[in-house]
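The block underneath contains the structure these notes are about, expressed in structure tokens.
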Amino acid sequence: MVDVVTILSILIPVITSIATLAYWLGRKFALIEERFERIDERFEKIEERFGKVDERFKEMDERFERIEERIEKLERGFSSLRDVLTQYNETLLSLLEVRGVLSKGEVLALKGILSPLRPHPTSKYYTEEVARRLDELLAKDPEELTLSDIRELERIGDLIWLEGYESDRMDLREYGMKLKVYATLVKVVFIYPKLRRLREEGILGLRS
């Protein structure tokens, strides 16, 4: 039989080795866990930073929304102001026409300027199709233009002005305004007098 001393001489080194290995592994696992804890802490800090970044982006989005709202209000105010000025100009020109200050010559002179100065079409609002339609309207005798034609000229003037506004082109903005002035002059000098005569003839017809 194997004696106890022999068994112990075998077991003790093995147990010692196992204990040493277990201690070593324990230390290693403890270090690994500690490192993972540090990594977790770093990830938590990173998540906190990303959370702060998200909050800042939200704040920026809110600020941009407020800025866009202000810009929209300014644009609406500008459009209203432009409409008021347009109506004022039309009223003033109508008074000048009634007093005989304006004549067909002024309208024809402006028409003669608009045709050769027509800018080349661009891509967004003032397109090739719009330019072709403008050429057709400018080729007409002002006395033959209808109210529908005038509205179309005004719409084209707005499109050209808007193209110039967004592309920061002064030539387009100036041409768009000149076109709207031409449309107003045609209304005042040619169309409104016809409408007044029709009303007067209608009234006279009823009285007779």
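For this structure, a couple of remarks:
- Peptide packing for 38-49, 172-183, 147-158 was compared via the average number of neighbouring C-beta atoms within 10 Å per residue; ordered from the highest value, the list is 172-183, 147-158, 38-49.
- Cross-link pairs beyond the 26 Å C-alpha cut-off, checked among Lys104/Lys124; Lys140/Lys187; Lys104/Lys140; Lys124/Lys187; Lys58/Lys124: Lys104/Lys124; Lys124/Lys187; Lys58/Lys124
- Taking the Cα centre of the range 102-207 as origin and assigning +1 to Lys and Arg Cβ atoms and -1 to Asp and Glu Cβ atoms, the resulting dipole is close to 480 debye.
- Structural descriptor for the range 102-207: relative contact order 30 percent, calculated from alpha carbon pairs under 8 angstrom and at least 6 residues apart.
- Listed residue (Val130, Ile156, Thr184) projecting farthest to the positive dipole end of the range 102-207, Cβ model: Thr184
- Modelled label positions at His120 and Ile46, each set 7 Å beyond Cα in the direction of Cβ, lie 5.3 nm from each other.
- Taking label positions 7 Å along the Cα-Cβ direction at both Glu33 and Glu143, the computed distance is 10.4 nm, reported to one decimal.
- The stretch between Ser103 and Arg63 holds 9.1 nm of extra length on full extension. This uses 0.36 nm per residue minus the Cα-Cα distance.
- Counting only Cα atoms, the size of the range 102-207 along its three principal axes is 57, 24, 20 Å, in decreasing order.
Read-outs: derived from the displayed coordinates by stated rules, not from any lab. Every value quoted in this text rests on a predicted model; they were computed, and no experiment measured them. For neighbour counting, all protein chains shown are included, and Cβ atoms are generated from backbone atoms with ideal geometry for every residue, glycine included.
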